[in-house]
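Report on one structure; see the data block that follows.
The values are calculated or read from the model by the stated rules, or taken from the named source; none is laboratory data. Just so we're clear, the structure is a prediction, and the values are computed from it rather than from any experiment. Note that we place each Cβ from the backbone using ideal geometry, even for glycine, and neighbour counts take in every protein chain shown. Just so you know, the surface numbers come from the protein's heavy atoms only, side chains and all, with ligands and any DNA or RNA stripped out. Shrake-Rupley method; radii C 1.70, N 1.55, O 1.52, S 1.80 Å.
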Amino acid sequence: MSRSALYQPLLLRLLHGISGILVITAIITGFLVYNTFDQRFGKIPIPKIDPIQDIHGTVGLFFLLLLPAFALYSFHAGEKRLLQPDFIQKLTQVGKPIWWVSLQRIVNTLMLIASVLAVISGRMMKEEWLPIGELDHLWYYFHLIAWVIMVCCLAIHVLMSAKVGGAPLLLSMLSGKFRPGDSPKNWYGRLRSWLSNFSQNFTGGINQLIQSNSSLRIIEVFVLLGIITAFVLPLFFSGGE
């Protein structure tokens with residue numbers, strides 16, 4: 001592979017690709033759930049799919065299982081694609097390339113936050129609410145809000161990617177080729193190295209938070225705690241307001 005060609009790490013392409021498929025599927029099935037049971041804000045006259053709620057829940061569960069790995073990769077190896085300390089200054093440079101890149105980073109970060117809201121609210125909903133017409137539960141409203149945010153962020157993410165990187169960026173994300181140093185056989189060693197560095201730096205976490213991208217570190221803590229909450233909270237609450 002030519003070194004001059006635009007290249008994306010193989011693990012990023014896999015995590016991004018699988019997450020993208022799950023998010024798009026969740027968005028589509030989520031709308032079909034709404035279209036079947038709610039319809040307060042309009043509807044599309046399409047045939048009803050009886051198990052659509054189960055399908056949506058299954059897709060959401062697979063996304064939740066993948067989200068920890070995707071979030072950790074995004075906040076560390078993919079940190080440059082997320083919110084940066086000087087984003088406010090760069091947003092003043094309207095129309096310049098860095099302005100578009102900064103918008104893309106903000107949207108990428110917002111998608112991670114919306115993902116947490118989606119998985120928590122989805123896990124806290126009861127399956128019987130919608131079929132019996134109970135549409136005013138707080139968790140359901142949170143889930144609708146997360147759905148809207150995800151739709152907007154996904155659309156902007158695609159548009160910004162096309163604007164910032166164009167066809168070369170899109171093709172680099174779809175490519176199946178990888179460099180020898182990026183081989184899957186090296187992933188375990190890199191993971192061990194990352195975990196080792198993480199444990200060594202954990203005691204100095206406060207200083208690292210102050211010296212590094214503190215805004216992003218705060219968002220990372222929020223996202224990771226949110227993911228843990230999505231796994232744990234339903235064990236103590238069976239759904240409700």
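Quick look at the numbers
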read-out	value
First in the stretch 69-93 and in contact (Cβ under 8 Å) with a residue 12 or more places away in the chain and under 15 Å from residue 224 (Cα atoms), second anywhere and among the acidic types (Asp, Glu) and open to solvent by less than 60 Å² (accessible area, probe 1.4 Å), Cβ under 7 Å, 6 or more apart	75/220
Residue within the stretch 196-212 that is in a helix (DSSP H, G or I), more than 29 Å from residue 95 (Cβ to Cβ), at pLDDT 80 or above and out of contact with any strand residue (DSSP E or B) (no Cβ under 9 Å at 6 or more places or on another chain) present	no
Residues located in the stretch 2-48, provided they are part of a loop (DSSP other than H, G, I, E, B), open to solvent by less than 70 Å² (accessible area, probe 1.4 Å) and either hydrophobic (A, V, I, L, M, F, W, C) or farther than 25 Å from residue 123 by Cβ (or both)	2, 5, 7, 8, 9, 42
Every pair of residues 6+ apart whose Cβ atoms lie under 9 Å, when the first sits in the stretch 1-13 and is over 13 Å from residue 181 (Cα atoms) and among the charged types (D, E, K, R) while the second is in a loop (DSSP other than H, G, I, E, B) and at pLDDT 75 or above	13/175; 13/178
Among the residues listed as 185, 163, 177, the single one being open to solvent by 40 Å² or more (accessible area, probe 1.4 Å), at pLDDT 75 or above, not aromatic (Phe, Trp, Tyr) and not in a helix (DSSP H, G or I)	177
Scan of the stretch 78-131 for residues that are open to solvent by less than 30 Å² (accessible area, probe 1.4 Å), under 13 Å from the mean Cα position of the chain (by Cα) and not aliphatic (A, V, I, L, M), ordered by number	78, 108, 109, 115
Test: residue in the stretch 147-159 that is modelled with pLDDT of 90 or more and in contact with a Phe, Trp or Tyr (Cβ under 8 Å, 6 or more places away or on another chain)	yes
Given (1) surrounded by 15 or more Cβ atoms within 10 Å (Cβ to Cβ); (2) assigned to a helix (DSSP H, G or I), index of the condition residue 135 fails	(2)
